Amino acid sequence: MAAICRLARINGLASSICSWHRLTLNKSSQSRGIASCIDPSHGLTDEQKEFQKVAFDFAANEMSPHMAEWDQKEIFPVETMRKAAQLGFGGIYVQPDVGGSGLSRLDTSIIFEALSTGCVSTTAYMSIHNMCAWMIDTFGNNEQREKFCPDLCLMEKFASYCLTEPGSGSDAASLLTSAQQKGDHYILNGSKAFISGGGDTDLYVVMCRTGGKGPKGISCLVVEKGTPGLTFGKKEKKVGWNSQPTRAVIFEDCAVPVTNRLGEEGQGFSIAMKGLNGGRINIASCSLGAAHASVQLARDHLLVRKQFGETLSNNQFLQFKLAEMATKLVASRLLVREAATALQEDRSDAVPLCSMAKLFATDQCFHICNQALQMHGGYGYLKDYAVQQFVRDIRVHQILEGTNEVMRMIISRSLLTEA
């Protein structure tokens with residue numbers, strides 16, 4: 001409640017709910033508001049609507065106007081994210097005693113969906129940062145929580161999640177990065193690939209092998225930037241997600257204090273997977289925001305674009321396509337929110353539901369954004385139009401946080417094992 005009250009107090013930032021729709025880079029586009037059938041506030045409590053409104057307004061005023069520039073110039077918008085942290089968005093589901101907002105997984109999904117309407121790439125990084133902060137808050141001891149979490153929640157320091165390696169992507173349990181204990185330090189050797197924020201962030205939550213083969217030999221260490229032996233690869237050139245840097249993270253005889261280990265030795269893989277369950281909800285929520293924005297952009301375009309003497313909105317084929325897009329959006333949102341609730345309640349169906357939500361929402365939302373681009377015709381392929389960036393930014397959501405093929409494996413395993 002305290003966190004929600006704090007969010008409510010900064011409601012002065014929110015000039016109007018109508019500002020939610022100021023998503024497009026096209027200055028001539030007019031906001032027509034949100035159609036009731038896709039309104040993301042349906043079913044929410046008054047408190048949830050309040051911080052959803054704050055997040056939408058922040059996206060419209062602080063993110064959307066800069067989205068294209070951040071993408072084209074590959075700017076990591078540190079100061080904008082710190083402004084978001086002042087609203088409580090740096091540690092959304094971290095406990096309040098270490099500076100977090102203490103909100104639920106459903107609340108988190110609502111916020112990330114709203115923020116993503118302003119910039120998917122930046123919000124997606126924020127979701128990863130939040131996941132790392134939660135992992136330290138949940139699995140760290142009091143000393144670790146007090147040392148790391150307050151700065152993370154304020155985004156005075158930023159965090160990166162380090163699981164994937166050049167030779168272990170979907171088969172994460174086969175990772176090779178090793179950590180051998182020598183006295184009161186682990187000596188870390190190996191490398192991590194495709195690390196969001198790599199090189200620019202301050203803390204690296206690293207899964208490494210302290211024991212034998214398989215998941216039970218994996219532990220979790222927090223590695224601080226500036227530690228001798230920690231270096232970074234070149235900044236990757238990506239299709240999307242350009243407002244966050246991506247680099248390899250390299251460890252060469254990197255000495256990390258034993259006191260920086262989260263949990264017990266051998267607990268790392270479990271910590272990583274529990275983090276990813278929430279991460280899958282978060283990234284699906286980012287896809288929802290992109291799809292929501294794209295449906296509205298497509299609708300607005302159909303209402304003003306004329307061909308063959310009438311607006312495209314009179315074309316029944318496009319009407320039906322728009323109806324399908326809206327239906328997929330709402331169905332995806334309902335599934336994501338159900339999975340978020342299941343995870344919050346620690347239900348037995350939480351893991352397969354998180355996988356279903358990630359699979360369904362990221363697939364369907366990409367199709368929605370891609371169809372919105374198609375409806376724009378040649379204009380949709382121009383970088384002057386926001387819809388193309390939504391397409392590029394959410395394509396990777398079908399790959400990261402566990403590929404959608406792995407999501408199918410998890411879902412089918414649950415079905416067949418319980419049978």
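Evaluated against (1) in a helix (DSSP H, G or I); (2) open to solvent by less than 30 Å² (accessible area, probe 1.4 Å); (3) not assigned by the TED database to the domain that holds Lys237, Leu106 falls short on exactly one condition, (2). For the range 221-247, what are the residues that are buried (at least 22 other Cβ atoms within 10 Å of the Cβ) and within 14 Å of His185 (Cα to Cα)? Leu221, Val222, Val223, listed by residue number.
For the range 323-342, a residue qualifies if it is in contact (Cβ under 8 Å) with a residue 40 or more places away in the chain and open to solvent by less than 50 Å² (accessible area, probe 1.4 Å), and the qualifying residues are Met325, Ala326, Leu329, Val330, Ser332, Arg333, Val336, Arg337, Ala339, Ala340, Thr341. Kindly evaluate Thr417 against the criterion of being at pLDDT below 95 and part of a helix (DSSP H, G or I). The answer is yes for Thr417.
For Ile283, the conditions (1) surrounded by fewer than 24 Cβ atoms within 10 Å (Cβ to Cβ); (2) not in a strand (DSSP E or B) are fulfilled apart from (1). For the range 170-188, the condition of being in contact (Cβ under 8 Å) with a residue 60 or more places away in the chain, open to solvent by less than 20 Å² (accessible area, probe 1.4 Å), assigned to a loop (DSSP other than H, G, I, E, B) and touching a Phe, Trp or Tyr at 6+ places or on another chain (Cβ under 9 Å) holds for at least one residue. The criterion of at least 1 residues that are of a type outside the set (Asp, Glu) and either more than 21 Å from Lys383 (Cβ to Cβ) or assigned by the TED database to the domain that holds Lys237 (or both) is met, among helices (runs of 4 or more DSSP H) falling completely within the range 35-95, by 46-58, 78-86.
Could you check, for the range 258-279, whether at least one of its residues is closer than 14 Å to Cys208 by Cα and hydroxyl-bearing (Ser, Thr, Tyr)? Within the range 258-279 (the criterion being closer than 14 Å to Cys208 by Cα and hydroxyl-bearing (Ser, Thr, Tyr)), the answer is yes, since at least one residue qualifies. Of all the criteria given as (1) within 23 Å of Asp57 (Cβ to Cβ); (2) open to solvent by less than 40 Å² (accessible area, probe 1.4 Å); (3) of a type outside the set (Ser, Thr, Tyr), the one not satisfied by Ala133 is (1).
Looking at this structure, is Ile250 assigned to a helix (DSSP H, G or I), at negative phi and buried (at least 16 other Cβ atoms within 10 Å of the Cβ)? Answer is no for this residue. A search for C-beta distances below 6 Å between a residue of the range 208-230 that is more than 16 Å from Met273 (Cβ to Cβ) and any residue that is surrounded by fewer than 15 Cβ atoms within 10 Å (Cβ to Cβ), counting only pairs 6+ apart in sequence or on different chains, returns Gly229/Glu252; Gly229/Asp253.
The values are calculated or read from the model by the stated rules, or taken from the named source; none is laboratory data. Source: prediction; values computed, not measured. Note that each Cβ is placed from the backbone with ideal geometry, even for glycine, and that neighbours are counted across all protein chains shown. Quick note on the areas: whole protein, heavy atoms, side chains included, nothing else; ligands and nucleic acids left out. Shrake-Rupley method; radii C 1.70, N 1.55, O 1.52, S 1.80 Å.
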